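Participant: First the structure, which I've put down as structure tokens, then a few questions once you've had a look.
The values are calculated or read from the model by the stated rules, or taken from the named source; none is laboratory data. A quick note: this is a predicted structure, and the numbers were derived from the prediction, not measured. Reconstructed Cβ throughout: ideal geometry from the backbone, glycine too, with neighbour counts over all protein chains shown.
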Amino acid sequence: MSLSPTGALRQSGSLFAMGLDVLRTVPKRPFQVREFIQQAWFVASVTILPTALVSIPFGAVIALQIGSLTRQLGAQSFSGAASVLAVLREASPIVTALLIAGAGGTAICADLGARKIREEIDAMQVLGIDPIHRLVVPRVLATMLVAVLLNGLVSVVGVAGGYFFNVVLQNGTPGAYLASFTTLAQLSDLWAAELKALVFGAIAAIVASYKGLTAKGGPKGVGDAVNQSVVITFMLLFVTNFVMTAVYFQIVPQRG
Amino acid sequence: MGVEICVEGLTKSFGRQVIWQDVSLTLPAGEVSVMLGPSGTGKSVFLKTLVGLLRPERGSIRIAGQDITTLREHELYEVRKLFGVLFQDGALFGSMNLYDNIAFPLREHTRKPEGEIRRIVLEKMDMVGLIGAEDKLPGEISGGMRKRAGLARALVLDPEIILFDEPDSGLDPVRVAYLNQLIVDLNAQIDATFLIVTHDIASARQVPDNIGLLFRRELVMFGPREQLLTSEEPVVRQFLGGRMQGPIGMAEEKDAAQVEQELAQLGEAADAAVPDVLELTPRLLPTEGIERPPRWVEIADREALRRLRASVRGRAGDA
């Protein structure tokens, strides 16, 4: 890596340029249906199980925290409301982001990086095929789709985990938990979370593809690219999450 | 008929490091040219610049009336359809078997029915001698087979220009000989413009019409095979002779004084050996049975004449 002061700027510039390229190439026909389905299936298969396994304890931790807090305040009837709100608004997009970047993004980056150093990408360009159109766009769209679906999965599993811990382990009442379900959360929270997941999926896939396609220096270069893609994606995702949350609170009126 | 490539004043650098500068040459249509050079002189970079994978800092590359250094990305994809490129390790798609690899360009670029694709793919696989290996994955076959498969893939779209990136690297001498024969046969059959980038002197001596030599960030010489093989230029003689004495050193280049000294030492002794080194290696001709286009008929006639002359001279020497 070059240590020149313009290096970082140039990197972000070309990352952004590739993002624009992807956007411009999305409507280009013929759409790579096969690649899209294969990639969606692939990303889903590497993320579903870890996501489910991560979201159970995530929901549980939130339930535990809120459970003891509400008991101290004597507001047990609100524990359901608070835990749903936390899972739906924050936990599920974040868990989705971590898993999409950590499991899906790394797999995409390693795959494209290996192809790059084996000169497969060059060969493809020479054969007159745009790798952005053929490889990157299907991956980005597939990751976005899977991210949205995963977000739904995390919400369900997380809320179920919270319910289990609250009701079974902390002796909460099922009725109170379910009845307070919608006192704080609203439908627009779900839409906002899904929108976040969609954006996170796009960012994770674009960064992973960018890093993969610019890998150089043999097998070690691929390792470095994967490493950097995870770090960059995480940083971008958390910043994006903050911005989207802030905007959401500004434009959607809150309950309660 | 192949397409002429006209390169003028081409300069390429990575950061502050100049790879080569002011390279001007013309690859004549339909002819076989070889680009020689010590390792690390940017031969592969030159090749990638010709197909527009890398952008040069200065200069122009005219192919079929277009300067590809000024083309936009989507226009480049059109021009690239004229090219077939054989990459160093074949650059096959690791997830597809050989058949799908070779069919890939046809499936992407044409709307041919699967039956016709099958016919074309099998024809090209037959050309490179890979019949029976259709279902193998690139990871399961030898380097030589990967190269031949890469060549078959480069051929399916009937390119006007074929570029070979070190076709002989990592192959044993027998396979190199077969590959050279294949290249010559292909040239006689499809009449495209060939550029071979290599540092294998033996191939460079017998395969091409033209030879170029890249050294010290410059194109030292480019011209017909005979001109290079009989050249007095020290770099050319050292490289084609494959000896240590001369301007090319192990690391990069030697200082002038040392070169002078070495060449002086070599002096008379080397000159005695020179006729041997400089003698024109006979050209590799297309296999008997392949129909030769006029260009190759002419080359074959010239070769026959030269052989006749050499044998006459040999007999005169004996007497």
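Participant: Just checking, does region B:48-61 include any residue being within 20 Å of B:ASN187 (Cβ to Cβ), surrounded by 18 or more Cβ atoms within 10 Å (Cβ to Cβ) and at the interface with chain A (Cβ under 8 Å from one of its Cβ atoms)?
Facilitator: Keep residues of region B:48-61 that are within 20 Å of B:ASN187 (Cβ to Cβ), which gives B:50-51.
With surrounded by 18 or more Cβ atoms within 10 Å (Cβ to Cβ) added as a condition, the list becomes B:50-51.
Those still in the list that are at the interface with chain A (Cβ under 8 Å from one of its Cβ atoms) too: B:51.
The answer is yes, given that some residue of region B:48-61 is within 20 Å of B:ASN187 (Cβ to Cβ), surrounded by 18 or more Cβ atoms within 10 Å (Cβ to Cβ) and at the interface with chain A (Cβ under 8 Å from one of its Cβ atoms).
Participant: Can you tell me which residues in region B:24-43 are more than 18 Å from B:PRO247 (Cβ to Cβ) and in a loop (DSSP other than H, G, I, E, B)? First the steps, then the outcome.
Facilitator: Let us first name the residues in region B:24-43 that are more than 18 Å from B:PRO247 (Cβ to Cβ), namely B:24-35.
If the condition is that a residue be more than 18 Å from B:PRO247 (Cβ to Cβ) and in a loop (DSSP other than H, G, I, E, B), then B:PRO28, B:ALA29, B:GLY30, B:GLU31 are the ones that fit.
Participant: Return the pairs, sorted by first residue and then second, in which the second residue is aromatic (Phe, Trp, Tyr) and surrounded by 16 or more Cβ atoms within 10 Å (Cβ to Cβ), the first residue lies in region B:283-295 and is more than 16 Å from B:ALA192 (Cβ to Cβ) and touching a residue at least 12 places away in the same chain (Cβ under 8 Å), the beta carbons are less than 8 Å apart, and the residues are 6+ apart or on different chains.
Facilitator: B:LEU285/B:TRP296
Each row is one residue, and each column tells you yes or no for (1) in a loop (DSSP other than H, G, I, E, B); (2) more than 28 Å from B:MET145 (Cα to Cα); (3) more than 13 Å from every other protein chain (Cβ to nearest Cβ).
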| position | (1), (2), (3) |
| --- | --- |
| B:SER13 | no, yes, yes |
| B:ASP22 | no, yes, yes |
| B:GLU75 | no, yes, no |
| B:LYS81 | no, no, no |
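Participant: Something else about it: Scan region B:215-239 for residues that are small (Gly, Ala, Ser) and farther than 27 Å from B:GLY30 by Cα and jot them down.
Facilitator: none
Participant: In region A:211-256, how many residues are hydroxyl-bearing (Ser, Thr, Tyr) and over 20 Å from A:LEU85 (Cα atoms)?
Facilitator: Looking only at that region, the number is 3.
Participant: Same structure again: Considering only residues that are within 12 Å of another protein chain (Cβ to nearest Cβ) and crowded, with 24+ Cβ neighbours inside 10 Å, which ones fall in region A:129-142?
Facilitator: The answer is A:LEU135, and nothing else.
Participant: Identify, please: which residue in region B:152-183 is hydrophobic (A, V, I, L, M, F, W, C), within 14 Å of another protein chain (Cβ to nearest Cβ) and assigned to a loop (DSSP other than H, G, I, E, B) and is, among those, farthest from B:VAL128 (Cα to Cα)?
Facilitator: Once the filter is applied, the top-ranked residue is B:LEU157.
Participant: Another question about this same structure. For region A:112-128, which residues satisfy the criterion of being part of a helix (DSSP H, G or I) and at the interface with another protein chain (Cβ under 9 Å from one of its Cβ atoms)? Step through it out loud before you land on a result.
Facilitator: Going residue by residue through region A:112-128, those that are part of a helix (DSSP H, G or I) are A:112-117, A:120-126.
Of everything in region A:112-128, those that are part of a helix (DSSP H, G or I) and at the interface with another protein chain (Cβ under 9 Å from one of its Cβ atoms) turn out to be A:ALA114, A:ARG115, A:GLU120, A:ILE121, A:ASP122, A:ALA123, A:MET124, A:GLN125, A:VAL126.
Participant: A further question on this structure: Applying the selection to region B:101-120, what residues are in contact with a helix residue (DSSP H, G or I) (Cβ under 9 Å, 6 or more places away or on another chain) and away from every other protein chain (no Cβ under 14 Å)?
Facilitator: Step one: of region B:101-120, the residues in contact with a helix residue (DSSP H, G or I) (Cβ under 9 Å, 6 or more places away or on another chain) are B:101-110, B:112, B:114, B:116-118, B:120.
Correct list: B:LYS112, B:GLU114, B:GLU116, B:ILE117, B:ARG118, B:ILE120.
Participant: May I ask you to verify whether A:LEU69 is of a type outside the set (Gly, Ala, Ser), more than 14 Å from chain B (Cβ to nearest Cβ) and more than 20 Å from the chain's Cα centre (by Cα)?
Facilitator: Yes, satisfied.
Participant: If a residue has to be β-branched (Val, Ile, Thr), surrounded by 19 or more Cβ atoms within 10 Å (Cβ to Cβ) and modelled with pLDDT under 90 to count, how many in region B:191-207 make the cut?
Facilitator: Residues in region B:191-207 being β-branched (Val, Ile, Thr), surrounded by 19 or more Cβ atoms within 10 Å (Cβ to Cβ) and modelled with pLDDT under 90: 2 in total.
Participant: Does A:THR47 meet the test of being buried (at least 19 other Cβ atoms within 10 Å of the Cβ), at negative phi and at pLDDT 85 or above?
Facilitator: Yes: the conditions hold for A:THR47.
Participant: Can you spot a residue in region B:90-100 that is within 10 Å of chain A (Cβ to nearest Cβ), within 25 Å of B:ALA204 (Cα to Cα) and touching a residue at least 12 places away in the same chain (Cβ under 8 Å)?
Facilitator: Yes: one or more hits.
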